[in-house]
Amino acid sequence: MGIAENRHVVRRFIEECVNLHRAELLAEFVDAGLHAHPGTPGAAPDTVGLDALREAFQRFRVTFPDLHITPEEMVAEGDLVALRWTATGTHSGDLAGIAATGTAVRWAGTDMYRLTGGRIVEWWRNDDFAGLLRRLSRRVL
């Protein structure tokens, strides 16, 4: 697949799986052997495999049932696609030991995806998870 096709896969993955809350569609976009690397040390271990990603999606959906990712910029070269994004959601479930606060939050990050054969095989994330936790923890003090 070419660069344009890889960009299209990532854009559809964000829109259909994340923003439309359709974890059942993950297999259309993600390889069964996916290796996802979280960017926040200690936030979560690497996610390996499609089933583990489905479980992570479901857990995050409980925490932020209205999660929405807005792609801000996308750059692609070869088999890599980089995405700078902004996320919004309402904190409705436990996150890193912080009970639901009902707080509407916004945070940003970047993802890098490696694709093979039209599927995401590797995914790196770097986001402001620490800032998100600080904002939520202030709500419970």
Requested in this report: Among the residues of segment 80-102, write down those that are touching a Pro at 6+ places or on another chain (Cβ under 7 Å) and small (Gly, Ala, Ser).
Outcome: 92
Query raised in the report: Is there a residue in segment 30-46 that is farther than 24 Å from residue 104 by Cα and in contact with a Pro (Cβ under 9 Å, 6 or more places away or on another chain)?
Result: yes
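Could we say that residue 83 is closer than 16 Å to residue 15 by Cα, open to solvent by less than 20 Å² (accessible area, probe 1.4 Å) and in contact (Cβ under 8 Å) with a residue 12 or more places away in the chain here?
Working: closer than 16 Å to residue 15 by Cα: yes; open to solvent by less than 20 Å² (accessible area, probe 1.4 Å): yes; in contact (Cβ under 8 Å) with a residue 12 or more places away in the chain: yes.
Judged against the criteria, residue 83 is a match.
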Query raised in the report: Just checking, how many residues over segment 110-123 are more than 12 Å from residue 34 (Cβ to Cβ) and either open to solvent by 20 Å² or more (accessible area, probe 1.4 Å) or in a strand (DSSP E or B) (or both)?
Result: 4
**Report entry** Where residue 56 falls short, out of the listed (1) farther than 23 Å from residue 132 by Cα; (2) open to solvent by less than 70 Å² (accessible area, probe 1.4 Å); (3) not basic (Lys, Arg); (4) not in a strand (DSSP E or B)
**Finding:** (1)
Report summary line: Over segment 28-51, the set of residues part of a helix (DSSP H, G or I), surrounded by 15 or more Cβ atoms within 10 Å (Cβ to Cβ) and without any contact (Cβ under 8 Å) to a residue 40 or more places away in the chain is 50
Query raised in the report: What number of residues within segment 1-27 are within 15 Å of residue 118 (Cα to Cα) and either surrounded by fewer than 17 Cβ atoms within 10 Å (Cβ to Cβ) or charged (D, E, K, R) (or both)?
Result: 11
Query raised in the report: Among the listed residues 52, 32, 56, which satisfies the condition of being under 23 Å from residue 70 (Cα atoms) and either among the aliphatic types (A, V, I, L, M) or at pLDDT below 95 (or both)?
Result: 56
Query raised in the report: Is at least one residue of segment 90-105 closer than 25 Å to residue 7 by Cβ and in contact with a strand residue (DSSP E or B) (Cβ under 8 Å, 6 or more places away or on another chain)?
Result: no
Query raised in the report: Got at least one residue in segment 67-79 being assigned to a loop (DSSP other than H, G, I, E, B), of a type in the set (A, V, I, L, M), surrounded by fewer than 16 Cβ atoms within 10 Å (Cβ to Cβ) and touching a helix residue (DSSP H, G or I) at 6+ places or on another chain (Cβ under 7 Å)?
Result: no
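The values are calculated or read from the model by the stated rules, or taken from the named source; none is laboratory data. All figures in this text were calculated on a predicted structure; none of them were measured in a lab. So basically every Cβ, Gly included, is an ideal-geometry build from the backbone, and we count neighbours across all protein chains shown. Calculation scope for accessible area: heavy atoms of the full protein, side chains included, ligands and nucleic acids excluded. Shrake-Rupley method; radii C 1.70, N 1.55, O 1.52, S 1.80 Å.
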